[in-house]
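The structure under discussion appears below in the form of structure tokens.
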């Protein structure tokens, strides 16, 4: 029987962290299924899902704990089958504007109030080319229940964008 594990990893960024992790997974007969990893503020951070033979799971978990000795903190959860959350559609929202506190919070409140699940979120701050002002950009992949009226969602996001002075667009997938 195969076990699926979802883990978070974080540690001081350095060469070889992904190699150490992938070697440990392979040495235990595991398969690297999916991941998102990046460098944030000098730290290496990631999430990944792996599959490993049940007989090797205990050994893999011990090896992951041992990575703490090289400065990599790993948290592991067993992945279970996820029941369907009902009929849904996919969409992507993008926003860009001057950075200010509360942008993500106000958007996430609007999404949560309509039972919209944020499946993936990427954001960054950068200097505007001409003015040098700090800009904020974000993109989110959403799972929208069929009960949500997209026209109402668009109006609500446009209102938030207007109040925050950020451009927000939504694109159905």
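Brief remarks follow.
- Number of residues in segment 88-109 that are assigned to a helix (DSSP H, G or I) and either in the same structural domain as residue 37 (by TED's automatic domain parsing) or surrounded by 11 or more Cβ atoms within 10 Å (Cβ to Cβ) (or both) equals 6.
- Meets criteria (in contact with a strand residue (DSSP E or B) (Cβ under 8 Å, 6 or more places away or on another chain), part of a strand (DSSP E or B) and surrounded by 11 or more Cβ atoms within 10 Å (Cβ to Cβ)) for residue 5: yes
- Failed item, numbered, when residue 111 is tested on (1) under 30 Å from residue 17 (Cα atoms); (2) at pLDDT 95 or above: (1)
- Residues within segment 43-62 that are touching a strand residue (DSSP E or B) at 6+ places or on another chain (Cβ under 7 Å) and either over 15 Å from residue 75 (Cβ atoms) or not assigned by TED's automatic domain parsing to the domain that holds residue 73 (or both), tallied: 5
- Of the criteria (1) more than 30 Å from residue 16 (Cα to Cα); (2) part of a helix (DSSP H, G or I); (3) out of contact with any helix residue (DSSP H, G or I) (no Cβ under 9 Å at 6 or more places or on another chain), which one residue 69 fails: (1)
Yes or no, residue by residue, for (1) under 30 Å from residue 139 (Cβ atoms); (2) modelled with pLDDT of 95 or more; (3) not in a helix (DSSP H, G or I):
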site: 10; (1), (2), (3): yes, yes, yes
site: 14; (1), (2), (3): yes, no, yes
site: 21; (1), (2), (3): yes, no, no
site: 24; (1), (2), (3): no, yes, no
site: 44; (1), (2), (3): yes, yes, yes
site: 49; (1), (2), (3): yes, yes, yes
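- Members of segment 110-138 found to be loosely packed, with under 15 Cβ neighbours inside 10 Å, out of contact with any helix residue (DSSP H, G or I) (no Cβ under 9 Å at 6 or more places or on another chain) and not in a loop (DSSP other than H, G, I, E, B), listed by number: 112, 119, 120, 122, 124, 125, 126, 127, 134
The values are calculated or read from the model by the stated rules, or taken from the named source; none is laboratory data. Computed from a predicted model, the values in this text were never measured in an experiment. Reconstructed Cβ throughout: ideal geometry from the backbone, glycine too, with neighbour counts over all protein chains shown.
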